[in-house]
Each structure stands twice: as structure tokens, then as C-alpha cells.
Amino acid sequence: MTYENDAFMIRRSVGAILRNQASNGAIVASPDFAQYHFCWLRDASFSAYALDRAGEQEASGRYHSWVNEAVEGIADIIDRVIEARLRGEVLDPMHMPPARFAIDGSTVVDDWPNFQIDGYGTWLWSLGQHLDAIGEATVPKNLLASVRRVARYLATFALSPCYDVWEENGDAIHTSTLACVYGGLQAAGHLLDEVEFLDCAETVRAQLSVSAARIGYYVKSSTDDDVDASSLWLSSPFGVINSTDESFSKTVTLIEDQLSLDEGIRRYPTDVYFGSGAWPVLTASLGWHHLSVDDVEGATRCRDSVAALFDDEGFLGEQFGGDRRDPKHYQEWVDRWGPPARDLTWSHAMFVVLSIALKEYDTSNRVGAVTSMSGDDESRENSRRTG
Ligand code: BGC
């Protein structure tokens, strides 16, 4: 792929994220799939990060202000469930803070499996990244109460079973949820300078090592020894595990071996949602990991596989190939909800994140290579480039 084409594709996907952002800052999961006409903290917090990486700090800031207001709107729910848990009460998962909000920031009363703490962790992490991008070392005053409230919520429920990042399996503790919670608690601990949150993040890290010590890789959850591609986030971006950690490397190998399709990476072995096609979000996540271990070729391969999935109008869907992999389940979901989302905001976001990371990697290595060269090497290199 040429650099001009690459820059064009990044700009086009940034444009898609901006197009899918309402003026109040909310970012819709997908404009063309009725079930996704909401703002999920998970999808949108990754999208805000992509906006920051692309230099769109104003838009990312608007998203974080929107979350602040949405969290203020459910402050009583968050406080109530924290107090109830501390009193030892059993809580109804259907009445926990929501995974997704209406675009106006209100909550939606329905039977969605809302108790998903990962999104709150990803929000705090993404906010931390945003403040870093705009050179703010501390939380702006108007956001303080929400940041503290969400961090308390995470610290209270960090090790509770809840629904996972795929909104399933509400009776288990999930590896990628723990990664997101760790990222959020770390960010809050540093931003608020509160050691209690950092200590809790360490407890989460310790919990993660349990499966690795038992079985040698990071399992999907406390009730499922399969792998799940969202465990890639353990290292990039949440940094709870080092990218060269032996059990993590084994996890990545298992993910590649068991979850690769021609179009990229699917979610987990027994997935049936729309036949379980390849998700650009996950293929890009794998590429992000490859880059963190200096595997530029692997990262480029992932970027190119996602790049090949854009349609003629520049839309990038949720998943690809499920119709061929498992036609029966694909059709079941089409009958229920129509075809899978054709334009999914966080698919664009992860493509942007990977593409920018690759560009930066390339630039810094070129600069590094040139500055470390002797005069003779440099002239040889120059003639190679021009020749
Ligand atoms: C996915 C979630 C995602 C939601 C909105 C669901 O199908 O499993 O991870 O947040 O769609 O995109």
C-alpha cells in the first residue's frame, strides 16, 4: 500500500468516526444497524482514542464531556450499587449501570445485558490518553466527580462476575474485562493520585496470573478455558501484561491458530453470532500487538487484511466471512436482526489506531537508522533510496 493511499484511508476512517459522532459528543456504534443506534462506552472510548491519535482532540474532548454528563445522570445508581455491595447485598445484574446509553445520554430501560464493567475501565483509560494528548497532567475540575465515582465503581466490582466485552456469559470473570478494568484503575490512580486505585489494579493483575499459572496461557474467563481474541488487549493497549510474557505469547499463538479466517481474526472458538466472521477490531488488535514486539510484517499483514474489507463507499463493517464459515447461524441472526452492521465505528477506530502506529513506527525507525549511521553508511543509504 502506498503512503498516499494509506493517508487517504486513515483520513477517510477518521471522517467516518466524526460523521458517527453527534454534536453533543456521543459516538453511535453503527448508524446502519438498528440494534447499534446507541453509544457504548467500550466502542466509543476506543473511537475517542483513535480521534486523539489522529489529532482530533476537540472531538475526543467532546466525547469525554458527554460521558461525564451521562455518568452524572446515573450517579445515584452507581452510588447505590456500591453501597449495596459494601453492605454485602446481592445485586440484580439487570439493574447495574448500563453498558450503552441513548445518544442524548439517557439510559434505556430494556432487557439488554447491561452489567459490563469493561466499558467503564476503557473510558477512564481513554480519558487518561486524551488528557495526555492535550498535555493535561490532572483531571479538569468538572470531570473529577465522575472519574472518582467510576473508579470507585470499578474498584468495588473489579472481581465480580459480569457480562463480557461481547455482552455474554454474565456468570464469569473475563480476562479482557480484567484488562480494561486494570487500564481504567491505573489511569484513575495516576490522574487522581490515589494509591487505593493503583493497589486495586495490582489485585486485578494478580487475578489474571491465576489462569496463566494453571494452564500456561490466558483463558477466556473463569468458566471457559478457550482463548478469546479480546485477550490481545492485555498488552496493547492496557499494559497489564508485558507483550513478551511467555503465557501471553502462547495466548497470541493460540488465537492465531484457532481464530484466523482469510479475512482476519474472529472472536472465540464457539462463537456463533452472524456465523462468527472476522472482526476488523480484532485483526487490527492483533496487528497492534505485532508492532509492540517489532513484528512489522505481521502488523502490516493485519492492516492490509482490514484495508481489503472496506467497501466501495468507504464503509467498514463489523465482521466478514461468517456467512461462509457457518451459514446456518449466519442466517439465524440475519432473520433476527438483518445483515451485520455495514459501518461500525470502532472497526474504523482500530484501523486508524493500527495504521497510525505503523506509520509512526516506520518514521521513528527511519530516523533512528539515519541518525545512527556513519557518514559513509549515510551516503550509501541515500544512493540506495534515490537509486
Ligand atoms: C459486540 C460488543 C459491541 C456492540 C456494539 C456487540 O455485538 O459484542 O462488543 O460493543 O456490539 O458495537
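The values are calculated or read from the model by the stated rules, or taken from the named source; none is laboratory data. These figures come from a predicted structure and were not determined experimentally. Cβ: placed from backbone, ideal geometry, glycine included. Neighbour counts: every protein chain shown.
Which members of the range 223-257 meet the condition of being under 14 Å from the mean Cα position of the chain (by Cα) and among the acidic types (Asp, Glu)?
228
Which of the following residues is acidic (Asp, Glu) and assigned to a helix (DSSP H, G or I): 332, 318?
Values: 318 fails: assigned to a helix (DSSP H, G or I).
Checking each option against the conditions leaves just 332.
For residue 108, which of the numbered conditions (1) farther than 28 Å from residue 226 by Cα; (2) surrounded by fewer than 17 Cβ atoms within 10 Å (Cβ to Cβ); (3) away from the ligand (no atom under 16 Å from the Cβ) fails to hold?
Condition (3) is where residue 108 drops out.
Which of (1) free of Cβ contacts under 8 Å to residues at least 40 places away in the same chain; (2) on the phi > 0 side of the Ramachandran plot does residue 321 not meet, given it meets every other one?
(1)
Considering only the range 161-177, state which residues are away from the ligand (no atom under 16 Å from the Cβ) and in contact (Cβ under 8 Å) with a residue 60 or more places away in the chain.
Within the range 161-177, just 161 meets the criteria.
Pick from 265, 241, 255: which is out of contact with any Lys or Arg (no Cβ under 7 Å at 6 or more places or on another chain), over 28 Å from residue 342 (Cβ atoms), crowded, with 22+ Cβ neighbours inside 10 Å and touching a residue at least 24 places away in the same chain (Cβ under 8 Å)?
241
How many residues does the range 45-90 contain that are outside any helix (DSSP H, G or I) and at pLDDT 95 or above? Explain how you work it out, then say what you get.
Step one: of the range 45-90, the residues outside any helix (DSSP H, G or I) are 54-56, 74, 87-90.
With at pLDDT 95 or above added as a condition, the list becomes 54-56, 74, 87-89.
The total comes to 7.
Do we have any residue at all in the range 108-122 that's assigned to a helix (DSSP H, G or I) and over 17 Å from residue 81 (Cβ atoms)?
Step one: filter the range 108-122 for residues assigned to a helix (DSSP H, G or I), giving 118-122.
Now narrow it down to the ones that are over 17 Å from residue 81 (Cβ atoms): 122.
Yes: one or more hits.
Report, ordered by the first and then the second residue, all pairs with beta carbons closer than 9 Å, sequence separation of six or more or different chains, a first member in the range 303-314 that is among the polar types (S, T, N, Q), and a second member that is surrounded by 19 or more Cβ atoms within 10 Å (Cβ to Cβ) and part of a loop (DSSP other than H, G, I, E, B).
Pairs that qualify, where the first residue is among the polar types (S, T, N, Q) and the partner is surrounded by 19 or more Cβ atoms within 10 Å (Cβ to Cβ) and part of a loop (DSSP other than H, G, I, E, B), are 305/263.
Determine, yes or no, whether residue 29 is under 18 Å from residue 149 (Cβ atoms) and within 16 Å of the ligand (Cβ to nearest atom).
Numbers: under 18 Å from residue 149 (Cβ atoms): no; within 16 Å of the ligand (Cβ to nearest atom): yes.
Answer is no for this residue.
Please count how many residues of the range 123-150 are assigned to a loop (DSSP other than H, G, I, E, B) and without any contact (Cβ under 8 Å) to a residue 12 or more places away in the chain.
We begin by selecting, within the range 123-150, every residue assigned to a loop (DSSP other than H, G, I, E, B); these are 134-140.
Checking which are without any contact (Cβ under 8 Å) to a residue 12 or more places away in the chain leaves us with 135-137, 140.
The qualifying residues number 4.
Considering only residues that are within 15 Å of residue 359 (Cα to Cα) and either in a helix (DSSP H, G or I) or of a type in the set (A, V, I, L, M, F, W, C) (or both), which ones fall in the range 1-31?
1, 3, 4, 5, 6, 7, 8, 9, 10, 11
Select, from 271, 262, 294, the only residue that is of a type in the set (D, E, K, R), within 12 Å of the ligand (Cβ to nearest atom) and modelled with pLDDT of 95 or more.
On the way: 262 fails: within 12 Å of the ligand (Cβ to nearest atom); 294 fails: within 12 Å of the ligand (Cβ to nearest atom).
Residue meeting the stated conditions: 271.
Go through the range 32-60 and give me each residue that's under 19 Å from the mean Cα position of the chain (by Cα), crowded, with 16+ Cβ neighbours inside 10 Å, more than 15 Å from residue 354 (Cβ to Cβ) and within 16 Å of the ligand (Cβ to nearest atom).
Of everything in the range 32-60, those that are under 19 Å from the mean Cα position of the chain (by Cα), crowded, with 16+ Cβ neighbours inside 10 Å, more than 15 Å from residue 354 (Cβ to Cβ) and within 16 Å of the ligand (Cβ to nearest atom) turn out to be 36, 38, 39, 40, 41, 42, 43, 44, 45, 48.
Look at residue 301 and say whether it is charged (D, E, K, R), within 16 Å of the ligand (Cβ to nearest atom), modelled with pLDDT of 95 or more and touching a helix residue (DSSP H, G or I) at 6+ places or on another chain (Cβ under 8 Å). If you could, list the steps in order and put the result at the bottom.
On the way: charged (D, E, K, R): yes; within 16 Å of the ligand (Cβ to nearest atom): no; modelled with pLDDT of 95 or more: yes; touching a helix residue (DSSP H, G or I) at 6+ places or on another chain (Cβ under 8 Å): yes.
So residue 301 fails the test.
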